[in-house]
Every structure is written in structure tokens, then in C-alpha cells.
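The values are calculated or read from the model by the stated rules, or taken from the named source; none is laboratory data. Source: prediction; values computed, not measured. Neighbour counts run over all protein chains shown; Cβ positions are idealised from the backbone, glycine included.
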Amino acid sequence: MKIERLIGILSILLQSDKVTAPYLAEKFEVSRRTINRDIEALCKAGIPIVTEQGACGGISIMDGYRIDRTLLTSADMQAILAGLRSLDSVSGTNRYAQLMEKLSAGTQTLLEGSSHILIDLASWYKGTLSEKIELIHQAIEQEKRICFHYYSPGGESERRIEPYYLIFQWSSWYVWGWCLLKNDCRLFKLNRMTELQMAGSFEKRAVHYPDLSTERVFPANYQVRALVPSKYKWRLIEEYGVYSFAERPDGMCEFSFGFTDKDSILTWILSFQGEAELIEPKELRDEMLHIGNELLKKYRKT
């Protein structure tokens, strides 16, 4: 992409005394004519670039333009590298690592020891997920609609949307776009999509970025109190934080937290295999009793 190439060229110029157009053309795998246009674009953007002809000539940035020729510090470069590696974990390519090599040209020492931060944004469905992310990324750039079969708690449906943002949130990948079925913006989980494909062009509309705050997406509709054995403290801390419970002298943890829906509460309590007790809300205690009776009927059959 042109913006990536411009950033890369600017980074090289700020970190080198002088470079040649053939060197830049080879580095970014484009023609010298393209490099000349890029240099012209940087000049129009206000970057004072000097070109010199001859055997000792080349391209450089005017000496008086800056005191420090380094655009990014070592810490900056390492943070960028960690982020780009994480994108490669789901892209199925080395595109972002190659971009980092271009950005760090001539500054190999900045990246020494930077591999101690490893971020993997993939999932168990890495193969199909990478394909979906790549297709949606292209659709957003090319302003193409996407259509897919979607599975949700409310049932199955055929959807056609105008995609605007790819989002990694709550350990999963989503696409935010204008849904033609609902005539409004919606958030769709990539792992719930099948038969994904592009479906014609669209003109971008004024779409707001989604409000992904916990209060908005996961409102505390049910206040839960439960008694959980202390051997499960690790789960309470990992899932809800150290302040979600208080330890009692009898070895139980008194848990208190807000849940969005009753199905999540019942599933969570049942995951303790009968060792946790739901105290509140009372109506869900009655439902737990009903579930227990149904389980007894089912598993007592011979």
C-alpha cells in the first residue's frame, strides 16, 4: 500500500545520511518512477527532501530539518514489532513482518532482544479465521458488501452487510458493519459465519464506531450471589477479578457479580459440577432445582 511505502521511505531517510532511488526501488519492490512519485508526495507533505545527481548523489533529508535523525526509539520499534507479529498470527502471511523489516531498515540494533513479547490473536479455528479476516479486510478496502450464513443464540439467518471495521475484542474477532436486514449497524462474530463471500459494491455511509464498553455490551441485568469452594479461587480471579468475592471462615468464597442473562448464570453454576451454590436471584435457584430434577429423571433411566 502507498501509505505503508511512504512511511517506510521516510523512516529510512530519517535514519540514513543518504540513499539512492535504485536502493529504495529494490527495497520496496517498485519501479524508480514510483519512488520518484513517492519522493514528490513527501515533498508536498512538507518534508524537505534533497536530491543530488552524480556518482556521489542520492536522496536525503535537509540537515537543518531535525536534530535527531531517528523517527522512532528502540522502545517504539519494539512495540510496533510486537503488534505487527500479532497481526501475522491471524493473517496467514508474513506481510506485517515484511513491513517491519522495511520500517527498520538500517536500524537492526533497535530490534535486538525485542522478541520477548509474543501476541497470538489466532483461535482454534486459525485456518478458516485467517481466510475470513483477509476477505473482510479486502472488502472494507474495496468497499464491497459481504454476505454470509450466521449462527446466533436467536437462530440462523442469511446476512448481507457493508463492512467498516474488523475488531478483536473479548478474545474473538468481529466485523462491524451496516446490516441490510436490520437496516442498522450490527456486530458479527467471525467464528459464527459460514459461506462468507463478497457481494457487490457500496457507497460508504456515515457509520459510527461501535460502543464496546462493558456497560453497553454486557449490562448487569442480574446481580448474582453464590458460594464457591476456595479451591476455585483461581477461576473467580481469572474470570471476574480479585474483588469479586470474599473468603469466609468455613473455606467458602462468597461471590458477587453482575451477569447479563440467566443462561450465562445457570451455565456458570453448573460448570462447578454441583460444588457451588447459587444464593441469588431466588427465581434462578428455583430454576436450578428444576434442572436438577430433570437431570435425575434423565440419568436414572436404565
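Residues of the range 182-193 being under 13 Å from I136 (Cα atoms) and in a strand (DSSP E or B), which ones?
Correct list: F188, K189, M193.
Is there any pair linking a residue in the range 212-223 that is over 13 Å from Y240 (Cα atoms) to one that is at pLDDT below 85 and surrounded by 12 or more Cβ atoms within 10 Å (Cβ to Cβ), with Cβ under 6 Å and at least six apart or on different chains, and which?
L212/Q169
How many of the residues making up the range 16-36 are within 19 Å of C56 (Cβ to Cβ) and in a loop (DSSP other than H, G, I, E, B)?
Qualifying residue count for the region: 4.
So, of the residues in the range 42-59 that are within 16 Å of G8 (Cβ to Cβ) and surrounded by 14 or more Cβ atoms within 10 Å (Cβ to Cβ), which turns out to be modelled with the lowest pLDDT?
Among those residues, the one meeting the criterion is I47.
Quick test for you: out of L227, L236, pick the one residue that is part of a strand (DSSP E or B) and at pLDDT 95 or above.
None of the other options fit; the residue is L227.
Return a yes/no flag: does the range 292-299 have any residue that is modelled with pLDDT under 95, hydrophobic (A, V, I, L, M, F, W, C) and either within 30 Å of Y174 (Cβ to Cβ) or not in a loop (DSSP other than H, G, I, E, B) (or both).
So in the range 292-299, the residues modelled with pLDDT under 95 come out as 292-299.
Next, from what is left, pick out any that are hydrophobic (A, V, I, L, M, F, W, C): 295-296.
Filter again for either within 30 Å of Y174 (Cβ to Cβ) or not in a loop (DSSP other than H, G, I, E, B) (or both), leaving 295-296.
There is at least one residue in the range 292-299 that is modelled with pLDDT under 95, hydrophobic (A, V, I, L, M, F, W, C) and either within 30 Å of Y174 (Cβ to Cβ) or not in a loop (DSSP other than H, G, I, E, B) (or both).
Do any residues in the range 141-169 that are free of Cβ contacts under 8 Å to residues at least 24 places away in the same chain have Cβ atoms under 7 Å from those of residues that are assigned to a strand (DSSP E or B) and surrounded by fewer than 16 Cβ atoms within 10 Å (Cβ to Cβ), where the two are at least six apart or on different chains, and which pairs are they?
Close Cβ pairs satisfying both conditions: E156/H149; E158/H149.
Mind telling me which of the residues L295, L278, L284 ends up being touching a residue at least 60 places away in the same chain (Cβ under 8 Å) and over 31 Å from the mean Cα position of the chain (by Cα)?
Step by step, each of L295, L278, L284 is checked, and only L284 is touching a residue at least 60 places away in the same chain (Cβ under 8 Å) and over 31 Å from the mean Cα position of the chain (by Cα).
Hey, any hits in the range 256-276 for a residue that's touching a Ser or Thr at 6+ places or on another chain (Cβ under 9 Å) and more than 30 Å from Y174 (Cα to Cα)? I'd like the intermediate steps shown before the answer.
First, pick out the residues of the range 256-276 that are touching a Ser or Thr at 6+ places or on another chain (Cβ under 9 Å): 256-257.
Still in the running and more than 30 Å from Y174 (Cα to Cα): none.
Looking for residues that are touching a Ser or Thr at 6+ places or on another chain (Cβ under 9 Å) and more than 30 Å from Y174 (Cα to Cα), one finds none in the range 256-276, hence no.
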